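Report on the structure given below.
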Amino acid sequence: MVKKDLENIDFEINFCEGLLQKNPDFVEALTLLGELYTRKGFYDKGLMIDKKLACLQPENGVVFYNLACSYSLLGDLENSFQALKKAIELGYDELANMLVDEDLKNLRQDKRFQEYFSSLEQK
């Protein structure tokens, strides 16, 4: 990432954090902030945001997909797998994306993911 991109991300992070000080449950700001933290490599902070979003939007498959990605980035494959299964149960259906998303790289190497994904492809 070039310096300009990092400066823009820092600006956007500060902006979102400011919005959340006034409204801690502002879903759009939380969603953007989680993505920015991940892009910046702040995976622990991204996970914290994704957990909060999962509480605020327990029926949102995309939220649980992002949670699975955060867990995978941190090497927590058990929780990543559970969150991914929940995402699919809630309607997340971007199967092709799961095979190329770098955030899920760790999870894709897990035998449970490979077996589960194969069963999804057969359906």
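Out of all the residues in the stretch 30-40, is one or more over 12 Å from the mean Cα position of the chain (by Cα), of a type outside the set (Lys, Arg) and buried (at least 16 other Cβ atoms within 10 Å of the Cβ)?
no
Looking at Lys51, Lys86, can you tell me which residue is basic (Lys, Arg), under 12 Å from the mean Cα position of the chain (by Cα) and part of a helix (DSSP H, G or I)?
Lys51
Name the pairs: first residue in the stretch 61-86 and closer than 14 Å to Asn106 by Cα and of a type outside the set (D, E, K, R), second residue modelled with pLDDT under 95 and part of a helix (DSSP H, G or I), Cβ to Cβ under 6 Å, at least 6 apart or on different chains?
Phe81/Arg112
Please name all residue pairs, on different chains or six or more residues apart, with Cβ atoms under 6 Å, provided the first residue is in the stretch 19-47 and is touching a residue at least 24 places away in the same chain (Cβ under 8 Å) and the second residue is of a type in the set (Asp, Glu).
As it stands, the answer is Gly34/Asp50; Leu36/Glu12, since those pairs meet every condition given.
Can you spot a residue in the stretch 66-80 that is over 25 Å from Asn8 (Cβ atoms) and at pLDDT below 95?
Within the stretch 66-80, not a single residue is over 25 Å from Asn8 (Cβ atoms) and at pLDDT below 95.
Residues that are under 29 Å from Ser118 (Cα atoms) and in a helix (DSSP H, G or I): does the stretch 12-23 have at least one? Please lay out each step first, then the result.
Kept after step one, since they are under 29 Å from Ser118 (Cα atoms), are these residues of the stretch 12-23: none.
Checking the stretch 12-23: not a single residue is under 29 Å from Ser118 (Cα atoms) and in a helix (DSSP H, G or I).
The values are calculated or read from the model by the stated rules, or taken from the named source; none is laboratory data. In this text, all values refer to a predicted model and were calculated from it rather than measured experimentally. All Cβ positions, even for glycine, are placed from backbone atoms using ideal geometry, and neighbour counts span all protein chains on display.
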